[in-house]
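Everything on this sheet refers to the single structure shown next.
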């Protein structure tokens, strides 16, 4: 069975974006980018893969990416209609339509049911790219968290999960600290 991994960047205080969806405050240190390019090349957006030397890099972990509308829309506004063309791209939205980009739009279906169906199919893993509301809806289906914690405090913004209180235990299986101060932690259920 395929695994759903929430692979996400956060601030020290657990925010994945600012209150207006900003994410440009995350420092992109060379040591972290080198590690991401080597271990998680499929998480580099299509338009950046060539300049990063990853044009022909195979997908190592994922062949499907899930996004909420808030995660997909900033790229769409900049003209990026297919941010991860090397992956199957599914966007959960009640407002976007198929004409809004080059991705699969899922509207009106329970995201957890869609994920359970995807998990039963053959292939590599499923990457939950964001955002907080979708992650909150999918929390019971998440098998793994890969949290890239950057050395910055946001103060406020969107948390990793947009959900109510409901503790769910995970086990730390890997922790890498970078010279730049970033930490990548992997947790599994």
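Readers should treat all values here as calculations from the given coordinates under stated rules, not as data from a laboratory. Just so we're clear, the structure is a prediction, and the values are computed from it rather than from any experiment. All Cβ positions, even for glycine, are placed from backbone atoms using ideal geometry, and neighbour counts span all protein chains on display.
When all alpha carbon pairs of the chain are counted in 10 Å bins from zero, the resulting P(r) reads 9, 36, 42, 13, 0 %. The distance between label points at residue 13 and residue 78 comes to 2.5 nm (points 7 Å beyond Cα on the Cα→Cβ vector). Our estimate of slack between residue 153 and residue 189, defined as 0.36 nm per intervening residue step minus the Cα-Cα distance, is 10.2 nm. Have a look at the DSSP beta bridges in the chain and tell me what percent are antiparallel, nearest 5. Of the beta bridges lying entirely in the chain, close to 40 percent run antiparallel.
Neighbour counting of Cβ atoms within 10 Å sorts the residues 153, 106, 184, fewest neighbours leading, into 153, 106, 184.
Mean projection of the Cα convex hull over all viewing directions, computed for the stretch 1-61: 5.6 nm².
Going from the alpha-carbon gyration tensor of the stretch 83-189, what semi-axes, largest first and in whole Å, does one get by taking the root of 5 times each eigenvalue?
Working: eigenvalues 135, 59, 52 Å².
One finds semi-axes of 26, 17, 16 Å for the stretch 83-189.
Note on residue 60 and residue 163: their simple-model spin labels are 2.7 nm apart, each label 7 Å out from Cα toward Cβ. Defining a contact as two alpha carbons under 8 Å apart and six or more residues distant in sequence, what relative contact order in percent does the chain show? Once normalised by length, the contact order is 35 percent.
Spin-label model, residue 29/residue 176: points 7 Å from Cα along the beta carbon direction are separated by 1.3 nm.
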